[in-house]
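**Q** Take this structure, written in structure tokens, and hold onto it; I'll ask about it next.
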Amino acid sequence: MKQIKNLRITLLSVLLMMVVSAFAGPKPFEGIITFKITYPDNKFSESQMAMFPKVMTITIKGDKAKSEIQTPMGAQIEITNYSDKSKVALINMMGQKYAIPETSEEIMADMSKEPTPEVQITTETKTIAGYTCKKAIITVNDDGSKTTYEVWFSEDFGAMNPNFDNPLYKDINGVLLEFSMVTPQFTMVFSAISVEKQSISIKEFEVPADYTITTKEELQSKMGGGM
């Protein structure tokens, strides 16, 4: 259960910090990006791995995006508005549904607390889900402990500053199609497997009526500080 709790924390961090996409460029993208999630070098049993999510989707319409990961305990969703640089996290835990809005000012305040990453854009390229991607190496020095991340991103979506809300990848001016998250317990690798252009309803980006509006602090308090 400890691993599952840590996974929930990590997934919430993924969805609160980042994800792929301010598609507010000259040719706004509309469609769905599907990622597979893998756990390289994990030390979990087969039954434990069955509890880990394997897919993430990003639904995009112009300046709005919705990321979604399904877990055995419920859905982890984030809706991002790139016009005003705000977002809302939707958390469904065993039927308890909460919406946590964040303003641009709150996002920037959280970002300022994180260490500044070093970014190296390499000359390496590869094709992911039909898009040409460049490789970047991100190094973070957190109180003397260095962690390195390898990320592949595409500039073909016409996006500007697509990762503004992600302390790790904020300086990558492209859409992330392969990236990782590292925790003391495991590493998660997100790799795009399909990019489908299609018409998306604006209702996809509305907060459902059955979600209770709250804050991160209030939710942590309700959970006894367990988030």
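The values are calculated or read from the model by the stated rules, or taken from the named source; none is laboratory data. Keep in mind that what you see is a predicted model, and the values were worked out from it rather than measured. Ideal geometry is used to build each Cβ from the backbone, glycine not excepted, and the neighbour counts take in all protein chains shown. To get the accessible areas, we keep the full protein, side chains included, count just its heavy atoms, and leave off ligands, DNA and RNA. Shrake-Rupley method; radii C 1.70, N 1.55, O 1.52, S 1.80 Å.
**Q** Of the numbered conditions (1) modelled with pLDDT under 90; (2) of a type in the set (Gly, Ala, Ser); (3) within 21 Å of Met188 (Cβ to Cβ), Ser67 fails exactly one; give the number of that condition.
**A** (1)
**Q** Can you name every residue in the range 1-51 that is modelled with pLDDT of 90 or more, within 26 Å of Met94 (Cβ to Cβ) and open to solvent by less than 30 Å² (accessible area, probe 1.4 Å)?
**A** Passing the criteria: Thr34, Phe35, Ile37, Tyr39.
**Q** Can I ask one more? If a residue has to be in contact with an Asp or Glu (Cβ under 9 Å, 6 or more places away or on another chain), open to solvent by less than 60 Å² (accessible area, probe 1.4 Å) and in a loop (DSSP other than H, G, I, E, B) to count, how many in the range 168-211 make the cut?
**A** The qualifying residues number 4.
**Q** Sticking with this structure for a sec: Would you point out which residue out of Ile58, Ile69, Ile77 is touching an Asp or Glu at 6+ places or on another chain (Cβ under 6 Å), within 23 Å of Glu204 (Cβ to Cβ), in a strand (DSSP E or B) and hydrophobic (A, V, I, L, M, F, W, C)? Quick ask: steps written out before the conclusion?
**A** Numbers: Ile58 fails: touching an Asp or Glu at 6+ places or on another chain (Cβ under 6 Å); Ile69 fails: touching an Asp or Glu at 6+ places or on another chain (Cβ under 6 Å).
Just a single option satisfies the conditions, and that option is Ile77.
**Q** Moving on to the next point. In the range 145-167, which residues are open to solvent by less than 40 Å² (accessible area, probe 1.4 Å), of a type outside the set (Gly, Ala, Ser) and not in a strand (DSSP E or B)?
**A** Listed by number, the residues that qualify are Phe157, Pro162, Asn163, Phe164, Asp165, Asn166, Pro167.
**Q** Among the residues of the range 181-196, are any in contact (Cβ under 8 Å) with a residue 60 or more places away in the chain and touching a Gly at 6+ places or on another chain (Cβ under 7 Å)?
**A** For the range 181-196, residues in contact (Cβ under 8 Å) with a residue 60 or more places away in the chain and touching a Gly at 6+ places or on another chain (Cβ under 7 Å): present.
**Q** Same structure again: Scan the range 97-106 residue by residue and report those that are under 17 Å from Ile77 (Cβ atoms) and β-branched (Val, Ile, Thr).
**A** First, the residues of the range 97-106 that are under 17 Å from Ile77 (Cβ atoms): 97-102.
Listed by number, the list holds a single entry, Ile100.
**Q** Out of the range 52-106, which residues are of a type in the set (A, V, I, L, M) and within 24 Å of Ala129 (Cα to Cα)? Reasoning before the result, please.
**A** Residues of the range 52-106 of a type in the set (A, V, I, L, M): 55-56, 58, 60, 65, 69, 73, 75, 77, 79, 88-91, 93-94, 99-100.
Those that are of a type in the set (A, V, I, L, M) and within 24 Å of Ala129 (Cα to Cα): Val55, Met56, Ile58, Ile60, Ala65, Ile69, Ile77, Ile79.
**Q** Count, please, the residues in the range 90-144 that happen to be under 18 Å from Glu217 (Cβ atoms), open to solvent by 90 Å² or more (accessible area, probe 1.4 Å) and in contact with a Pro (Cβ under 8 Å, 6 or more places away or on another chain).
**A** Of the residues in the range 90-144, 0 are under 18 Å from Glu217 (Cβ atoms), open to solvent by 90 Å² or more (accessible area, probe 1.4 Å) and in contact with a Pro (Cβ under 8 Å, 6 or more places away or on another chain).
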